[in-house]
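Scroll down for the structure; my scribbles are underneath it.
The values are calculated or read from the model by the stated rules, or taken from the named source; none is laboratory data. From a predicted model like this one, the values you see are computed outputs, not experimental measurements. A quick note on method: Cβ atoms are made from the backbone with ideal geometry, for glycine too, and the neighbour counts reach across all protein chains shown.
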Amino acid sequence: MAILQKKKLSLFDVTEFDNFRTMLTLAKEEAGDTIAIKYKERGSIRDVTYNELLGRVNALGTALSHLDGGLGTVAILGENSPRYITVLLSVLCSQGVAVPLDTELPFAEITNILNHCEATTVFCDKTFLEQFEQHRKELPNLKNLICFQTKEHEETEAVLSYSALLERGANTLLEGDFSYCTMTPADKRMCLLLYKAGSIDSLKGIMISQFALRSAIIGSMQLVKPGSRCMSVLSFDRTFELVHGLLSSLHGHATICINESKRTFQKNIQEYKPDFIILPPLYVENIWQKTIQNIEKQGRTETMEKLIKTSHAMRKVGIDKRKTFFSALHDMLGGKLETIIVGGASVNPDAVRFFDDIGITVLAGYGTTECLSSISISSEKRNDFASAGVLLPCMQIKIDNPNEDGEGEICARGDAIMMGYYKNDRATKEAVELSGWYHTGDLGKINALGQLYVTGRKKNVIVFKSGKSVLPEEIETYLCALPFIKSAKVYAGKDQGGAEISLIADVVLEQENLAQMSKSERIALVKEKIDALNRTLPSYKRIDSVHIRK
């Protein structure tokens, strides 16, 4: 069982920081007037500088510290926004715990998570207020519900206003109360609680310390030099975006541009003109396929191939004209894009090769939530289109029980590993050895250059190109709760390339309950009930097709 580590690779210099308050203070001192966040509001692009960001963090943190349970466990349920970022940073700069939540989850699952983590404060978008009102009695630990969009004059005893809270905190600071600003979070203390997709009966809250989060940020930046402008597309509850996009960008004093929605992606990328972006494989492959289709429709395939061939020959003698040759393609992506970082699932090597041909570097990352999606990431200095990159400097890896080809289960340990599963020692012991090795459940191998290749999965989890993951057992539990289904097996439907793209269910029906029904009536009943079930689930957990088995 050999322990493997990457060969030495020259790293980028990254400034260390003691805690997140130090990180923000350093940003204010070195780049105070630099724009930290760009976002769209009422059709206009607005800015927040690093000076303003730290001011808002201090004001909000101060206000929260005066609420009952305000800086205890703080859940965040909303779309990406400057307000979301301010809440997250306010908690990270304190001794509280931030719990980012997936907005696509059914509210019953959100309720279950909030009770499991004993959240005392919740920030949410206005779209969730009605559901909180209906289910408030089911949340005994909740003391403060704060709405991002509620105005000051709309505040009630049940719902506080984010804007009013911010103003109250600013006034408290003016009065000379700097108790929040002097908080020093403990290095090994939990600061993040991240929940994976799973059964509501067996939740896994992943405990992340300040030390682990800082280590992941610094390790990522040592391998991938941040650009000056990042566009955030994935939601901040996604660990890959949180670490390699949002927090790494802030430490690099970059500008974070918030994408409005999937629908406006093309418009936003041309407005913001980012030089790097983090995307799930699905986005990368869609851009590649649509571009190729447009080239074919215009009858320019042969011209494109000749330009690529000429470009390759010129690059061999040190001349790079890709930005000039393929300027029209670059303009479609804002004109400044240099790097795409892909996480969540594997990406088609042909797509990566296409972007490289036109002058955009695609770097793949690998990791699980338990290690902050920070086991490996491709470096521009050592990039193989088919690999998941090289190890972060703060991590180690071993291939457990390798076969004759060197392939086995990927195990990792190091500074970016979780503290364990919240209130679940048994699951922690199953996942992490006493010696600190975390078993990912993924299969892979590593070459002499230290590049990791993920070849399959040992664990029973379905990962889509969008980066979303689903445990089949969770969906099977929902199906078997239906009175007419005796047993169910859920698995992934795949495309021609082997990528998992849909959920398929094989079900066995309870014959006694359906004895009086014809075959067509049974099929209609199954369709009706599963359609109803799908409406309660996020889109990536919905069942696409059902097979009735004997």
remark   = (1) part of a helix (DSSP H, G or I); (2) charged (D, E, K, R); (3) buried (at least 18 other Cβ atoms within 10 Å of the Cβ) all hold for residue 331 apart from (3)
ask   = Does region 280-294 contain at least one residue that is free of Cβ contacts under 8 Å to residues at least 60 places away in the same chain, touching a helix residue (DSSP H, G or I) at 6+ places or on another chain (Cβ under 6 Å) and more than 24 Å from residue 226 (Cβ to Cβ)?
value = no
query = Can you find a residue in region 345-357 that is closer than 18 Å to residue 245 by Cα, of a type outside the set (D, E, K, R), surrounded by 19 or more Cβ atoms within 10 Å (Cβ to Cβ) and in contact with a His (Cβ under 8 Å, 6 or more places away or on another chain)?
reply = no
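Just wondering, is there one or more residues in region 91-99 that are more than 16 Å from residue 146 (Cα to Cα), among the β-branched types (Val, Ile, Thr) and assigned to a helix (DSSP H, G or I)?
From region 91-99, those more than 16 Å from residue 146 (Cα to Cα) are 92-97; that's our starting set.
From what's left, among the β-branched types (Val, Ile, Thr): 97.
Filter once more, so that each one left must be assigned to a helix (DSSP H, G or I): none.
Looking for residues that are more than 16 Å from residue 146 (Cα to Cα), among the β-branched types (Val, Ile, Thr) and assigned to a helix (DSSP H, G or I), one finds none in region 91-99, hence no.
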message = Condition first: farther than 23 Å from residue 164 by Cβ and either touching a residue at least 24 places away in the same chain (Cβ under 8 Å) or touching a helix residue (DSSP H, G or I) at 6+ places or on another chain (Cβ under 8 Å) (or both). Now tell me which residues in region 37-64 satisfy that.
response = 38, 40, 45, 50
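Say whether the condition of being touching a residue at least 40 places away in the same chain (Cβ under 8 Å) and exposed (fewer than 11 other Cβ atoms within 10 Å of the Cβ) is met by at least one residue in region 508-527.
Taking region 508-527 and keeping what is touching a residue at least 40 places away in the same chain (Cβ under 8 Å), we get 508, 525-526.
Then drop every residue that is not exposed (fewer than 11 other Cβ atoms within 10 Å of the Cβ), which leaves none.
Checking region 508-527: not a single residue is touching a residue at least 40 places away in the same chain (Cβ under 8 Å) and exposed (fewer than 11 other Cβ atoms within 10 Å of the Cβ).
Before we move on, is residue 133 out of contact with any helix residue (DSSP H, G or I) (no Cβ under 8 Å at 6 or more places or on another chain) and either within 29 Å of residue 41 (Cβ to Cβ) or at pLDDT below 95 (or both)?
Details: out of contact with any helix residue (DSSP H, G or I) (no Cβ under 8 Å at 6 or more places or on another chain): yes; either within 29 Å of residue 41 (Cβ to Cβ) or at pLDDT below 95 (or both): yes.
So residue 133 fits the description; yes.
Just the residues that are closer than 20 Å to residue 308 by Cα and either in a strand (DSSP E or B) or hydrophobic (A, V, I, L, M, F, W, C) (or both), please, taken from region 341-352. Working first, answer last.
The initial filter retains those residues of region 341-352 that are closer than 20 Å to residue 308 by Cα, namely 348-352.
Within region 341-352, 351, 352 qualify.
In the set 142, 174, 165, which member is farther than 30 Å from residue 269 by Cα and in contact with a helix residue (DSSP H, G or I) (Cβ under 6 Å, 6 or more places away or on another chain)?
On the way: 142 fails: in contact with a helix residue (DSSP H, G or I) (Cβ under 6 Å, 6 or more places away or on another chain); 174 fails: in contact with a helix residue (DSSP H, G or I) (Cβ under 6 Å, 6 or more places away or on another chain).
Result: 165 is the single residue among 142, 174, 165 that is farther than 30 Å from residue 269 by Cα and in contact with a helix residue (DSSP H, G or I) (Cβ under 6 Å, 6 or more places away or on another chain).
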inquiry  = If I ask for residues that are outside any loop (DSSP other than H, G, I, E, B) and under 27 Å from residue 82 (Cβ atoms), which ones from region 137-155 would you list?
reply    = 144, 145, 146, 147, 152, 153, 154
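Give the residues of region 62-115 that are of a type in the set (Gly, Ala, Ser) and touching a His at 6+ places or on another chain (Cβ under 9 Å), sorted by residue number. Break it down into steps so the answer makes sense when it comes.
Taking region 62-115 first, the residues of a type in the set (Gly, Ala, Ser) are 63, 65, 69-70, 72, 75, 78, 81, 90, 94, 96, 98, 108.
Across region 62-115, the qualifying residue is only 108.
Can you list the helices (runs of 4 or more DSSP H) found entirely within region 171-282 that contain at least 3 residues being more than 26 Å from residue 32 (Cβ to Cβ)? Please lay out each step first, then the result.
On the way: elements: 210-223, 248-251, 265-272.
The helices (runs of 4 or more DSSP H) meeting that bar are 210-223, 265-272.
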key: Residue within region 456-479 that is over 27 Å from residue 370 (Cα atoms), surrounded by 13 or more Cβ atoms within 10 Å (Cβ to Cβ) and at pLDDT 80 or above present   = yes
inquiry  = Anything in region 222-231 that is modelled with pLDDT of 95 or more and touching a helix residue (DSSP H, G or I) at 6+ places or on another chain (Cβ under 8 Å)? List them, or say none.
reply    = 229, 230, 231
Any pair with Cβ under 6 angstrom, 6 or more apart, that starts in region 133-152 at a residue that is within 18 Å of residue 67 (Cα to Cα) and ends at one that is of a type in the set (Phe, Trp, Tyr) = 145/132; 146/123; 146/162; 148/162
request  = Look at residue 181 and say whether it is touching a Cys at 6+ places or on another chain (Cβ under 9 Å), touching a residue at least 12 places away in the same chain (Cβ under 8 Å), closer than 27 Å to residue 204 by Cα and not aromatic (Phe, Trp, Tyr).
outcome  = no
message = Given (1) crowded, with 24+ Cβ neighbours inside 10 Å; (2) on the phi > 0 side of the Ramachandran plot, identify the lone condition not met by residue 414.
response = (1)
message = Can you tell me which condition residue 247 does not meet? The list is (1) under 23 Å from residue 110 (Cβ atoms); (2) buried (at least 23 other Cβ atoms within 10 Å of the Cβ), and all the others hold.
response = (1)
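So is residue 373 touching a Leu at 6+ places or on another chain (Cβ under 6 Å), within 30 Å of residue 204 (Cα to Cα), surrounded by 19 or more Cβ atoms within 10 Å (Cβ to Cβ) and not aliphatic (A, V, I, L, M) or not?
Values: touching a Leu at 6+ places or on another chain (Cβ under 6 Å): no; within 30 Å of residue 204 (Cα to Cα): yes; surrounded by 19 or more Cβ atoms within 10 Å (Cβ to Cβ): yes; not aliphatic (A, V, I, L, M): yes.
Here the answer is no, as residue 373 does not meet what is asked.
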key: Lone unmet requirement of (1) part of a helix (DSSP H, G or I); (2) modelled with pLDDT under 95; (3) touching a Cys at 6+ places or on another chain (Cβ under 8 Å) for residue 285   = (3)
request  = Would you check if residue 204 is over 25 Å from residue 96 (Cβ atoms) and charged (D, E, K, R)?
outcome  = no
ask   = Consider residue 383 against the criteria (1) touching a residue at least 40 places away in the same chain (Cβ under 8 Å); (2) within 20 Å of residue 225 (Cβ to Cβ); (3) among the polar types (S, T, N, Q): it satisfies all of them except one. Which criterion is unmet?
value = (1)
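Among the residues of region 359-370, count how many are free of Cβ contacts under 8 Å to residues at least 40 places away in the same chain and buried (at least 22 other Cβ atoms within 10 Å of the Cβ).
Residues of region 359-370 free of Cβ contacts under 8 Å to residues at least 40 places away in the same chain: 359-361, 364.
Pick out the ones that are also buried (at least 22 other Cβ atoms within 10 Å of the Cβ) and you get 360, 364.
Residues that pass the stated criteria total 2.
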task = Can you tell me which residue within region 160-189, out of those that are in contact with a Ser or Thr (Cβ under 6 Å, 6 or more places away or on another chain) and among the hydrophobic types (A, V, I, L, M, F, W, C), is modelled with the highest pLDDT?
result = 173
ask   = For region 166-190, how many residues are buried (at least 16 other Cβ atoms within 10 Å of the Cβ) and in contact with a strand residue (DSSP E or B) (Cβ under 6 Å, 6 or more places away or on another chain)?
value = 1
